[in-house]
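Following: one structure in structure tokens, then a few remarks.
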Amino acid sequence: MLEITKEEEFIKIAKIISLALLIIHTGLLIFFFANKVYFMAVFSIASILTYIGTFSLIKAKKIRLYIITLLLEVLLHMIMATVCVGWQSGFPLYAFALISIVYYLKYISPSSTFSKLIPHIVIILMGSTFFGLRLYTYFFKPIYTLSDNTNKCIYLVNTIFVFVFVAEFLYQYTNNILENEQDLQSQAEFDELTQLYNRRKMHDILRNFSENSYTMQKNYTITIMDIDNFKLINDRYGHDAGDYVLKTIAKIMKRVCKEIPEVDVCRWGGEEFLLAQTWNSTTDSDFATCKKTISIIHNSVDSYSFDYNGIKMHVTMTAGIAAHEIGEMLETTINHADQRLYWGKAHGKNRIVDAN
């Protein structure tokens, strides 16, 4: 069974394919009838009815049957049209369009044996049919004779249709690949619950901070903030209440940090958050600016009215701040912040602890 996003993708693309082919075959019906190619006119009526019927398959999400129906109709129409009006009409070009469509449908279909094999089957079938028709037209003339201008016209129209099909599905496929890469990048960098940076991403940011401290003499502070008595919240009100608290604090942090340049925040683990903020010198007043950021967050959480399904909670945080010293190892700075956090936890909680 498809995932919801893949089901929606299949329905959208399949509808586009069926509608496009329905319009094409309606145009071909008019063309064949006008040029007295009556066999293909009747065949086009059958194709139109087939594509009307595919909308029921799409609605029922019958992927295999839809793909098989699509494959057989295009294959048969390509063969019969070439036999009737010749190679120069351009109908064999639809083999290339079908290959691009089937590969795209494989991308949005389940990872089953069928979806893995069908593109290879289509390549073999379409390739052999394409070259088989080429050989056939060397030895046999078309059943119906069209004028050179008519052949050139239908060849041009078929070429445009095939080009549009291939271009559209390459475009759709590329967009999906890029979106998936962005999703994977987001999953690799952001915490799912809080939508803050995760620990892995913050390590990258801190390494850049450390490099800048050497090359640009640009210092930074690391602060680790921990929710006080978080286990009690989970035990008393449940983990959903705990998640609510984490998400709410994350929103407060993002709101505060949005107004302050050069500060990054992540969920460090569990109920711990880590904030890193840079400044352009190492004066005490600049360090005080970083401490002010933490103070704003600390006071905002302390004064916030946490309300989970009617349950009122007073939530506080304890923070440990460490200013990075030029030449100091990153791990040492993190360790200093961690030690100050736990000192604050052991001495009453709900406080900010720095070197002073």
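The values are calculated or read from the model by the stated rules, or taken from the named source; none is laboratory data. Everything numeric here is computed off the predicted structure, so don't read it as measured data. Note: ideal-geometry Cβ built from the backbone for every residue, glycine included; neighbour counts use all protein chains shown. To get the accessible areas, we keep the full protein, side chains included, count just its heavy atoms, and leave off ligands, DNA and RNA. Shrake-Rupley method; radii C 1.70, N 1.55, O 1.52, S 1.80 Å.
Some observations on this one:
Matching residues to (1) out of contact with any Pro (no Cβ under 6 Å at 6 or more places or on another chain); (2) open to solvent by less than 50 Å² (accessible area, probe 1.4 Å); (3) modelled with pLDDT of 95 or more; (4) not polar (S, T, N, Q):
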| site | (1), (2), (3), (4) |
| --- | --- |
| PRO119 | yes, yes, no, yes |
| MET126 | yes, yes, no, yes |
| THR137 | yes, yes, no, no |
| ASN149 | yes, no, no, no |
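- Identity of the residue in region 257-279, of a type in the set (A, V, I, L, M) and either surrounded by fewer than 19 Cβ atoms within 10 Å (Cβ to Cβ) or touching a residue at least 60 places away in the same chain (Cβ under 8 Å) (or both), that ends up farthest from GLU331 (Cα to Cα): ILE260
- Answer from THR248, THR223 - the residue that is touching a Leu at 6+ places or on another chain (Cβ under 6 Å), crowded, with 18+ Cβ neighbours inside 10 Å and not hydrophobic (A, V, I, L, M, F, W, C): THR223
- Checked against (1) of a type outside the set (Asp, Glu); (2) modelled with pLDDT under 95; (3) outside any strand (DSSP E or B), ILE249 passes all but a single condition, namely (2).
Condition check ((1) among the small types (Gly, Ala, Ser); (2) touching a Phe, Trp or Tyr at 6+ places or on another chain (Cβ under 9 Å)) across all residues:
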site: ALA167; (1), (2): yes, no
site: ASN175; (1), (2): no, no
site: GLU192; (1), (2): no, no
site: LEU206; (1), (2): no, yes
site: ILE227; (1), (2): no, yes
site: LYS231; (1), (2): no, no
site: TYR237; (1), (2): no, yes
site: ALA241; (1), (2): yes, yes
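- Here TYR220 clears all of (1) touching a strand residue (DSSP E or B) at 6+ places or on another chain (Cβ under 6 Å); (2) at pLDDT 90 or above except the condition numbered (2).
- Scan region 307-356 for residues that are surrounded by 14 or more Cβ atoms within 10 Å (Cβ to Cβ), basic (Lys, Arg) and over 20 Å from MET253 (Cβ atoms) and the total you get is 0.
- In region 34-49, the residues that are under 15 Å from LEU70 (Cα atoms) form Cβ pairs under 9 Å with partners that are open to solvent by 100 Å² or more (accessible area, probe 1.4 Å) and of a type outside the set (Phe, Trp, Tyr), at six or more places apart or across chains, as follows: SER44/ILE30.
- Contact annotation: residue pairs with Cβ atoms under 9 Å, 6 or more positions apart or on different chains, pairing a residue in region 329-354 that is over 21 Å from ILE296 (Cα atoms) and in contact (Cβ under 8 Å) with a residue 60 or more places away in the chain with a partner that is assigned to a helix (DSSP H, G or I) and aromatic (Phe, Trp, Tyr), are LEU330/PHE209.
- For region 280-293, the criterion of being surrounded by fewer than 20 Cβ atoms within 10 Å (Cβ to Cβ) and either under 18 Å from THR194 (Cβ atoms) or in contact with a helix residue (DSSP H, G or I) (Cβ under 6 Å, 6 or more places away or on another chain) (or both) is met by no residue.
- Here ASN158 passes the criteria (1) open to solvent by less than 70 Å² (accessible area, probe 1.4 Å); (2) under 30 Å from VAL245 (Cβ atoms); (3) modelled with pLDDT of 90 or more except the one numbered (2).
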